[in-house]
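The values are calculated or read from the model by the stated rules, or taken from the named source; none is laboratory data. In this text, all values refer to a predicted model and were calculated from it rather than measured experimentally. Because the Cβ atoms are built from the backbone with ideal geometry, glycine has one as well, and the counts that use them run over all protein chains shown. Accessible surface areas use protein heavy atoms only, side chains included; no ligands, DNA or RNA. Shrake-Rupley method; radii C 1.70, N 1.55, O 1.52, S 1.80 Å.
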Amino acid sequence: MIEVSGDMAGFFRERLGAALERRHVQTGAATELYLVDLLTAYAICPAEEALGTPFVHLLADAIHTTSPVERFRKFRGMGDSALYVCGFFSEHLDRRGVSRSYVVQMGGRAYNAAGDMALRPGGASAGFADVFPELASRFD
């Protein structure tokens, strides 16, 4: 059966809520909102770099970026890509010989860095300061 929905965010909110309940995972409201927004954004326009660019290259690029705002954006994007790949393309990782634990570690590290940057005074996306540490610590 094909389900048609005009509210993509509502669809993902419902599915995420059911998945979290099924796995007995409790998250903050801001984290759930972030994940729904992430799923909605990837459904509209999947990020090609999520499958194409090795995470070690994304990490090096983020580390060597001098602008704090741009560095934050790159770490956040790397975490988002790792989460997306682990959630939707784990079989793709297997075929490429990339371990899931490696992607989990890289994604967690990226969200940790984004969280540290968001906590700094005047940090980028300070409103998400609690979200990134939660995503980092519970990435898997």
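Summary of packing: across the peptides 81-93, 20-32, 55-67, the per-residue average of other C-beta atoms within 10 Å ranks them, highest first, as 81-93, 55-67, 20-32. Among the protein heavy atoms of the chain, carbon and sulfur supply 56% of the accessible surface, probe 1.4 Å, non-protein parts ignored. Computed extension length for Tyr102-Glu21: 26.5 nm, one decimal, from 0.36 nm per residue of separation with the Cα-Cα distance subtracted. Every helix of 4 or more DSSP H residues in the chain counts as -39500 (n - 2.57), and over all residues that averages to -22000 deg cm²/dmol at 222 nm. So if R0 is 22 Å, what FRET efficiency would Asp140 and His64 give, r being the distance between their Cβ atoms, rounded to the nearest 0.05? The pair Asp140/His64 has a calculated efficiency of 0.20. At full extension, Met8 and Cys86 could sit 26.0 nm farther apart than now, given 0.36 nm per residue minus the alpha carbon distance.
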